[in-house]
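Enquirer: My structure is below; once you've seen it, I'll send some questions.
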Amino acid sequence: MQFTRLLFVLALMLSAVTCVGGANAQNVDDATLRPLVQALAGDNFDETTKAISDLVKTDDPRVSSILNALSAGDLYVAKADKTVFLGKRDGSAYAATDPLTAAKLDPVPRDAAEKIKVNNRLRRDIAAAIGGLTLMSDKPAERRSAAEAILKTRDPESIPLLDQAIAAESDKDIKALMQLARAAAVLSSTAPDDAKIAAIAEVSSGNSRDALGLLTPLQGVDGPVGDAARAAIGSINSKLALWNGIQNIVYGLSLGSVLLLAAIGLAITFGVMGVINMAHGEMVMIGAYTTFVVQQIIRASAPGLFDYSLLIALPAAFLVSGAIGVVIERGIIRFLYGRPLETLLATWGISLVLQQAIRSWFGASNVQVGNPSWMAGSFDLGLLTLTWSRLWIIVFALSVFAVLQLVLKKTMLGLRMRAVTQNRRMASSMGIRTPWVDALTFGLGSGIAGIAGVALSQIDNVSPNLGQGYIIDSFMVVVFGGVGNLWGTLLGAMSLGIANKFLEPFAGAVLGKILVLVLIILFIQKRPRGLFALKGRAIEA
C-alpha cells in the first residue's frame, strides 16, 4: 500500500517537472493510452491507484477529464470485454461514450456493466493528481482551480508539487493561494514544529475566515504549535471583529440609502403640505413596475440597449408617478386639506385601488426586473465582499438627494415651496398660487418615489405589495429626522439603517426593528420635532 502511494507521488512529481519544461502537453497515441485507461477497472483499489499514476506519467491533457469522470462515478466497465466507457443512464441502458475520443458507442445494458468504484482515499489521490496536472498549466483559471482543490484536500503529499508551482508562478493572487494551500498541507502533515509554526504564520496572514477553519483544530494541541495557533486565532478574531463593525456600517449605509430613497419624497409632501400620504408606497411600486415595462419593451425591440434600461426607466418612472401624484392631489386631496383623518383614510383607499389595478394589469405574482451588467457581480474590500448593486444604490441615493437640494435652493419652484412651508398665508398674500404649489409639490414627491422604485426593483421583489414594506419605515425616517427637513431625512435614514444592522446580530431582524421603533418613540418624547425642526412663523405660532 505504501509502495503504491509512493509510486503515485513520484509520478506526480515527474509530471510537474515535465510541465515545468513545457506547459503545452501533447496528446499520447491512443494505442498507448487506452490500456492505461482500461487498467482503471482493476481488481482492487491498489491497482486503480497504479493506473492513475501511469496515466499521470503520460502528461496527456485528456487524463484530467478522465480522472474527473472517475471521481464523479461516471466511468463504467463492460462485464463482457472489460471495456471502460463514460456512461449516462438512459432507461434500461447506459448511453456510452469513448473516454479518449468522445465518440458515441453502442448503448450498454445496465446489467452488462458496472461502475468503477472509488473510495475516499482514491478520491483524495485523484484530486491531488488533477491538481498536479493543472498546477503548471498555462491557463490561470486552471492553476487557481488546482490550488483551491489542494486547499480543500490539504494532502501533505502535494507539498513538493506546490513548491515547484510556487517557484514558477507569476500571478500574485494565484501564488498567494498556492502558498495558503501549501501551509494547510503542512499543518496536516507530520512536519516539525518549526515548519508548522511558519505555516500558522502564513495561514494567519491570508483570508481570516478561511484561516480560522484551518487553525481551529490546532488550538487544543499542547506545545509551541498550539500556543502559536491560539495566538493566531486571537489575532484573527480581533481583526474579524473590526471588519464586522465596518461591514455593519457599510451595510447600514446601504439600508439607509434605501430608506432615504423611499422617504425623501414623503418628506417633501408631508413637510410642505402636512398630508399623511398612505399611498406613497404605491408610488414607489409604480416606479418599479414602470422599470419592468421599460425592460420588456427593450427586450422586445432593442435588446442591445438593456444595459441602459435603468437610465431610460428613471425619467419614465418620475413622469408616470409624478403625473399620478398630481392627479391624486387635484382630484381628491385638495378637497381634504385641514382634515388629517379624512386625508389619511382617502390616501389609504387610493393605495388599495392602485394595488388592485396593478394586480389586474400585471398579475399578483412577482415580475422579473433584470440587473444591467454594470450592477452585477461583486468586489472585495479587505475582508468584505460588496456587491456592485449595493454600492450603486448608495451613490444613486446621494445623487438624488443632491439634485433635490439644488431644486429646492436654486429654482423658482423650490423658492415657492420653501415659502409655502414657512408661512402659507403670507406666501399666498405675496401672489404665490399655493394650490398649484401643492399640486407640483405632491407631484415632485410622488415622482421621486417613482425613482426610488427604479432603484428598489434591483434589490427587492417587484410585486403589488412592494410599497407596503417601506411606508412605515419612511414615516419613521421623516419624523425622526424632522418633518420637511431633507438634511434631517438623510441623517435619520442613515442612522436608522446603521442602527438596524448593529442590532440585527443580537436581536434578530424583527426584534431589531421593534427596538429601533421603541428608541424613536423615546426620542420623539424629548424632541417632538425630530432632529432638525423647520423654523418659520407659521410653525412657531
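Enquirer: So what's Rg/Rh here for region 309-463, counting alpha carbon atoms and using the Kirkwood radius for Rh?
Expert: 1.05
Enquirer: Please compare each pair in K82/K139; K410/K526; K175/K239; K172/K239; K115/K172; K172/K196 to a cut-off of 31 Å on the Cα-Cα distance and tell me which ones are over it.
Expert: K82/K139; K410/K526; K115/K172
Enquirer: Quickly work out the E114-to-K172 label distance, labels modelled 7 Å from Cα along the C-beta direction, and quote it in nm with one decimal.
Expert: About 5.5 nm, to one decimal.
Enquirer: Using packing as a proxy for protection, rank 401-412, 91-102 so that the peptide with the highest average count of other Cβ atoms within 10 Å comes first.
Expert: Most protected by this proxy first, the peptides run 91-102, 401-412.
Enquirer: Then there is this: With a 10 Å radius around each residue's Cβ, average the other Cβ atoms per peptide and rank 461-467, 418-424, highest first.
Expert: Going by the mean number of other Cβ atoms within 10 Å, highest first, we get 461-467, 418-424.
Enquirer: Using the Karplus curve 6.51 cos²θ - 1.76 cosθ + 1.60 with θ = phi - 60°, what ³J(HN,Hα) values do you get for each residue of region 415-430, in whole Hz, with x for Gly and Pro?
Expert: After applying 6.51 cos²θ - 1.76 cosθ + 1.60, I find 4, 5, 4, 5, 5, 5, 5, 6, 7, 4, 5, 5, 4, 5, 5, 8 Hz.
Enquirer: Hey, rough spin-label estimate for L352 and I249, points 7 angstrom out along Cα→Cβ, what's it come to in nanometres?
Expert: 4.7 nm
Enquirer: If R₀ is 41 angstrom, what is the calculated FRET efficiency for the pair A507 and N68, using the beta carbon separation as r and rounding to 0.05?
Expert: E(calc), rounded to 0.05, equals 0.30.
Enquirer: Here's a follow-up. Percent of accessible area on the chain owned by carbon and sulfur, 1.4 Å probe?
Expert: So the carbon and sulfur contribution to the accessible surface is 61 percent.
Enquirer: Taking the mean number of other Cβ atoms within 10 Å as a proxy for protection, how do you rank 330-343, 178-191 from highest to lowest?
Expert: Per-residue mean Cβ counts within 10 Å order the peptides as 178-191, 330-343.
Enquirer: Each label point is 7 Å from the Cα along the Cα-to-Cβ direction; what then is the distance between the points at K526 and Y308, in nm?
Expert: Placing both labels 7 Å along Cα→Cβ, they lie 5.2 nm apart.
Enquirer: Follow-up question, since we're still on this one. Which far-off residues, 5 or more places away or on another chain, put their amide H under 5 Å from the one on S378, with H placed in the peptide plane?
Expert: W388
Enquirer: Further question: Just need the relative contact order of the chain here, percent rounded to a whole number, with Cα pairs under 8 Å and 6+ apart.
Expert: Computed value for the chain: 15 percent relative contact order.
Enquirer: Once the Cβ-Cβ distance between W361 and Q405 is put in as r, and R0 is 45 Å, what FRET efficiency do you end up with, to the nearest 0.05?
Expert: Approximately 0.80, to the nearest 0.05.
Enquirer: From the phi angles alone, apply the Karplus equation (6.51, -1.76, 1.60; θ = phi - 60°) to region 229-234 and give each ³J(HN,Hα) in whole Hz, x where the residue is Gly or Pro.
Expert: Result, rounded to whole Hz: 5, 5, 5, 5, 5, x.
The values are calculated or read from the model by the stated rules, or taken from the named source; none is laboratory data. Just so we're clear, the structure is a prediction, and the values are computed from it rather than from any experiment. Reconstructed Cβ throughout: ideal geometry from the backbone, glycine too, with neighbour counts over all protein chains shown. Just the protein is used for accessible areas: all its heavy atoms, side chains included, with ligands, DNA and RNA removed. Shrake-Rupley method; radii C 1.70, N 1.55, O 1.52, S 1.80 Å.
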